[in-house]
Amino acid sequence: MRVPGILYASQKLLRSADTAEAMKQVVNVACLPGIVRASLAMPDMHWGYGFPIGGVAAFDLDEGIISPGGVGYDINCGCRLMTTRLFVTDIQDHLKDLVTALFRHVPSGVGVGGHLKLTAKEVRQVLAEGAGWAVRHGFGETEDLETTEDGGVFPGADPEGVSDAAITRGKDQLGTLGSGNHFLEIEAVDEIFDQKTAAVFGLEKGQICVMIHSGSRGLGYQICDDYLFEMVKHAGETGIELPDRQLACAKINSERGRRYFSAMACAANYAWANRQLLMHEAREAFQEALRISPKALGMRLLYDICHNIAKIERFPVDGNEMRLCVHRKGATRAYPAGHPLVPARYRDAGQPVLIPGDMGTGSYVLAGSAAAMTETFGSACHGAGRVMSRTQARKSSRRRAVATEMEKRGVIVMSSSRGTLQEEIPEAYKNLDEVVEVVHGAGLARRVARLRALGCVKG
Amino acid sequence: MRYQVLDHTADLGIDITGSTLKSVYAGAAKALFSVLSDLSAVRANEMMELSVEGLDREDLLVNFLRELLNLWNRNRFLVKSCQILSLAPRRLTARLFGEPYDPVVHRIRREIKAVTYHDVALVPTKRGWKGTFVLDV
């Protein structure tokens, strides 16, 4: 190990999950060249492939590496939270209609195409422009970009490094949710922990919000796969010993490293455009189901955050400011108040950190804190984190009507796949409150509000 | 050939056992498509051949499965069965039987994001060979 491994956890979380495999992965990452200070794991850490999920690692730009497996297949998978002018009382009698309208408007599930069919040229424009492309084509407002991480566009995205196969996969998937753990959820603000920051974020008790969790779809998977293949093939040339081929990497300053970085940026832009379109589709579904005007709905983007990415960012290391390549695989940015990359609207409060829970549990909104800059390269956790494998979850829910169970708990769930619901049962995940407690207690991000789920569309 | 789905927290691990290495590669192809779709509804109407290379046996297995997944992602082709025509440590040629996806006839069980290199293994056993691979789902 070149650096130590540091895990943020509580006794309770450590008892609730078997961490042995994920800890091995933390150790593997700590052995990679150019890693700075520590291989980190957030409290939602669990066994992934290559890097652990919930892992954060920063690399020196001269000596360090960039790894497609350290970002993940779903490049810029992330969350987007929208606020509305509605309150629980406005929708409680129409909840089923609303979830049905969302299910109809927002394409979800395996192999389901989107409403848009793009040409290869248009896909390349999306890859270069990100969420701005969607706004330019009428799917949202300019102010949405102000509250999207990095303005919804990753600089240096060059579609030249993206294969034709990836472009083809991107043609009909823009504005689609996908499957597995991706979702769109109607939530209500249930508890406010920090009144002042909640007001800055535009949150109040009882207010209806919408959370979207999706990423770069097949285009991102293909880019990761293309570059992993290439890096494994040429692994011998780098002289880097790999305990697991999934950790295949290239020097950040090498031609191959730079090409991957640029292609990854393209996928990040596709994901931002995708979530922008999903927001537009959600807006239309709300207006149709409730028969209200855009003004009455007042859907605004609180924030859009990515949790599978590698970025070049500045951090203090041993008293000096360094530019580093930070990998966040199942981890989010958590910049504190005053940071220049926090949107102007939130600069005095800190960057919103969005942490979705398991199906039907709801989510947390936190605000980035100063300790994250010195301890975790400006990062916090990204969700609850799985404790149960998908096979275990299916077994334990075999004879259960999951959707009916959720309805009894007051959550309307719709999915195109019964299997997805079984795999995503709440018990398959860690306790979200506990995960957030660790992040809050460690001073990485502070609790602002807790949202409870009312309706959910699963892929 | 037999295959079994393993417990892997976020992803899907598959174990395949077979009397020969060839049968494990062929079994891996079938397991991949069984995860993706209900193969009882897929007919072996069309045949195609596929040649793949790799750095070693394990890399060859990953590349073979990647190419098969590409057949689905790019051509919407479902493989029902597979026959390994030739196998060397770094190259194989397979004959695939299946048919193009028809949404009326075929049910897609789940999206497979990718075939990973994580924990991939091919080991000799008392009765033949065992292969392991992990899918990102």
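Each value in this text was obtained by applying a stated rule to the coordinates, not by laboratory testing. Just so you know, these numbers come straight off a predicted model, no measurement behind them. Reconstructed Cβ throughout: ideal geometry from the backbone, glycine too, with neighbour counts over all protein chains shown.
Sorting A:62-69, A:192-199 by average packing, meaning the other beta carbons within 10 Å per residue, from highest down gives A:62-69, A:192-199. When the trypsin sites (Lys or Arg not before Pro) in the range A:100-162 are filtered for DSSP coil states and for at most 11 other beta-carbon atoms within 10 Å of their beta-carbon, the remaining sites are A:K117.
Working from Cα pairs under 8 Å separated by at least six residues, relative contact order for the range A:160-275 is 34 percent.
How do A:V3, A:V26 line up, fewest other C-beta atoms within 10 Å first?
The order, fewest Cβ neighbours first, is A:V3, A:V26.
Counting, for every residue in B:103-115, the Cβ atoms of other protein chains within 10 Å of its Cβ and taking the mean gives 5. Phi angles of the range B:90-107 translate, via the Karplus equation with coefficients 6.51, -1.76, 1.60 and θ = phi - 60°, into HN-Hα couplings of 10, 7, 9, 10, 10, 9, 10, 10, x, 7, x, 4, 10, x, 6, 9, 9, 10 Hz per residue; Gly and Pro are given as x. Taking other C-beta atoms within 10 Å as the exposure proxy, A:C209, A:C381 rank A:C209, A:C381 from fewest upward.
Cβ crowding within 10 Å, taken as a proxy for footprinting-reagent exposure, orders A:M359, A:M42, B:M47 from fewest neighbours to most as B:M47, A:M359, A:M42.
Kirkwood analysis of the range A:318-459, using all unique Cα-Cα pairs, places the hydrodynamic radius at 16.6 Å.
Over the range A:38-117, consider all pairs of different Cα atoms and compute the Kirkwood hydrodynamic radius from their mean reciprocal separation; express it in Å, one decimal. Could you put the intermediate results ahead of the total?
On the way: mean 1/r = 0.0581 Å⁻¹.
With all distinct Cα pairs of the range A:38-117 included, I get 17.2 Å.
Over the protein assembly as shown, the reciprocal of the mean inverse Cα-Cα separation, the Kirkwood hydrodynamic radius, stands at 24.0 Å.
Couplings 3J(HN,Hα) of the range B:30-42, computed from phi: 5, 4, 4, 6, 6, 5, 6, 8, 7, 6, 5, 8, 8 Hz, in residue order, whole Hz [Karplus 6.51 cos²θ - 1.76 cosθ + 1.60, θ = phi - 60°; x for Gly and Pro].
Per residue, the average separation of C-alpha pairs within less than 8 Å and at least 6 apart gives the range B:1-102 a relative contact order of 28 percent.
Restricting the calculation to alpha carbons of the range B:2-136 gives Rg and Dmax of 13.9, 44 angstrom.
If I model the range A:233-345 as equal point scatterers sitting on the Cα atoms and use the Debye formula, what is log10 I(q)/I(0) at q = 0.10, 0.13, 0.17 Å⁻¹? After summing over all Cα pairs, the log10 values are -0.51, -0.75, -1.04. Each peptide in B:26-39, A:44-57 was scored by the mean count of other Cβ atoms within 10 Å over its residues; highest first, the order is A:44-57, B:26-39.
Quick one: helix A:20-30 against the long Cα principal axis of chain A, what's the angle to the nearest 10°, folded into 0 to 90? Helix A:20-30 and the main axis of chain A meet at about 50 degrees. Rounded to the nearest 10 degrees, the angle from helix A:432-441 to the longest Cα principal axis of chain A is 60 degrees.
I'd like the orientation of helix A:217-233 relative to chain A: the angle between its Cα long axis and the longest Cα principal axis, in ° from 0 to 90, rounded to 10. So the inclination is approximately 10 degrees.
For trypsin sites (Lys or Arg not before Pro), the sites in the range A:1-68 that DSSP calls loop and that have at most 14 other Cβ atoms within 10 Å are A:R2. In a DSSP loop and with at most 11 other Cβ atoms within 10 Å, the trypsin sites (Lys or Arg not before Pro) in the range A:285-347 are A:R291.
What average count of beta carbons from other chains do you get within 10 Å of the Cβ of residues in A:219-228?
Taking all residues of A:219-228 together, the mean is 3.
Averaged over its residues, how many other protein chain Cβ atoms are within 10 Å of peptide A:36-48's Cβ atoms?
1
Each of B:P124, B:F64, B:V5 was scored by the projection of its Cα onto the charge dipole of the range B:2-136, and the greatest displacement toward the positive side belongs to B:P124; charges sit on the C-beta of Lys, Arg, Asp and Glu.
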